[in-house]
1. Look through K49, K89, K76 and report the one residue that is in contact with a strand residue (DSSP E or B) (Cβ under 6 Å, 6 or more places away or on another chain), charged (D, E, K, R) and within 30 Å of L177 (Cβ to Cβ).
2. Out of (1) in contact with a helix residue (DSSP H, G or I) (Cβ under 9 Å, 6 or more places away or on another chain); (2) surrounded by fewer than 17 Cβ atoms within 10 Å (Cβ to Cβ), the odd one out for R112 is which?
3. Of everything in region 41-50, what is part of a strand (DSSP E or B) and exposed (fewer than 13 other Cβ atoms within 10 Å of the Cβ)? Give them in sequence order.
4. Which residues, taken from region 136-180, are loosely packed, with under 15 Cβ neighbours inside 10 Å, within 26 Å of D79 (Cβ to Cβ) and either out of contact with any strand residue (DSSP E or B) (no Cβ under 6 Å at 6 or more places or on another chain) or among the hydroxyl-bearing types (S, T, Y) (or both)?
5. How many residues are at negative phi, outside any strand (DSSP E or B) and touching a residue at least 12 places away in the same chain (Cβ under 8 Å) if we restrict to region 163-182?
6. Could you check P60 against (1) closer than 30 Å to L162 by Cα; (2) modelled with pLDDT of 95 or more and say which number it fails?
Amino acid sequence: MTSPTNGAVPPPSGLDGVVAAARQAPGRGLPPVHLWNPAHCGDIDIVIKRDGLWFHEGTPIGREALVRLFSTVLRKDPDGFHLVTPVEKMRITVEDAPFIAVRVDREGEALRFLTNVGDEVEAGADNAIRVEMDLATGEPRPYLHVRRGLEARIRRAVFYELVEMAEERETAEGPTLGVSSNGAWFALGPARIHQL
């Protein structure tokens with residue numbers, strides 16, 4: 001269908017627009033969402049749950065390929081998480097982190113993580129590991145920076161693997177367990193917690 005004003009086909013909107021924008025990524029790279037500055041078009045009923053599952057209008061998105069496609073046009077802005085295309089920006093809900101780190105491997109000096117949406121990330125100065133402590137439970141909540149402010153929650157079993165790899169270092173706060181990757185060192189919790 002053509003527009004009567006200029007004869008051009010209007011770009012798809014909504015979820016169709018998101019899919020079209022994600023599919024236009026050159027090669028296997030990610031779309032340049034950081035360069036797109038469309039107007040905010042409202043909210044869309046997509047929720048990324050704490051366990052990494054994506055829901056649309058209350059129903060799980062069962063197609064893994066579609067979730068991966070949506071993840072490539074996800075952006076974190078000061079006002080929240082959005083699916084972004086060159087012509088639209090739609091806010092979604094993220095309960096915790098948008099991704100889950102489901103695997104870690106030590107490769108030489110690097111820790112290489114795999115996320116639930118297929119991202120491979122090496123921890124280092126640009127992709128830090130951070131651990132918050134849940135004040136209610138005292139449990140660690142570990143995260144890995146993936147890209148441009150988007151993080152992956154590190155799955156519990158993967159975090160236990162990191163603890164197995166950890167070494168103690170003396171810090172200003174006291175002896176602290178941590179791991180190194182690509183020349184950076186990351187504490188896996190508060191000082192002395194491993195001595196309790």
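The values are calculated or read from the model by the stated rules, or taken from the named source; none is laboratory data. Nothing here was measured: the structure is a model prediction, and the numbers come from that model. Positions of Cβ are backbone-derived with ideal geometry, glycine not excepted, and every protein chain shown enters the neighbour counts. Side chains included, ligands, DNA and RNA excluded: accessible areas come from the protein's heavy atoms. Shrake-Rupley method; radii C 1.70, N 1.55, O 1.52, S 1.80 Å.
1. Step by step, each of K49, K89, K76 is checked, and only K76 is in contact with a strand residue (DSSP E or B) (Cβ under 6 Å, 6 or more places away or on another chain), charged (D, E, K, R) and within 30 Å of L177 (Cβ to Cβ).
2. (1)
3. Result: G42, D43, D45.
4. Across region 136-180, the qualifying residue is only R148.
5. So the answer is 4.
6. (1)
Let's see how each residue does on (1) open to solvent by 10 Å² or more (accessible area, probe 1.4 Å); (2) part of a helix (DSSP H, G or I); (3) β-branched (V, I, T):
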{"residue": "F70", "(1), (2), (3)": "no, yes, no"}
{"residue": "F81", "(1), (2), (3)": "yes, no, no"}
{"residue": "A101", "(1), (2), (3)": "no, no, no"}
{"residue": "V121", "(1), (2), (3)": "no, no, yes"}
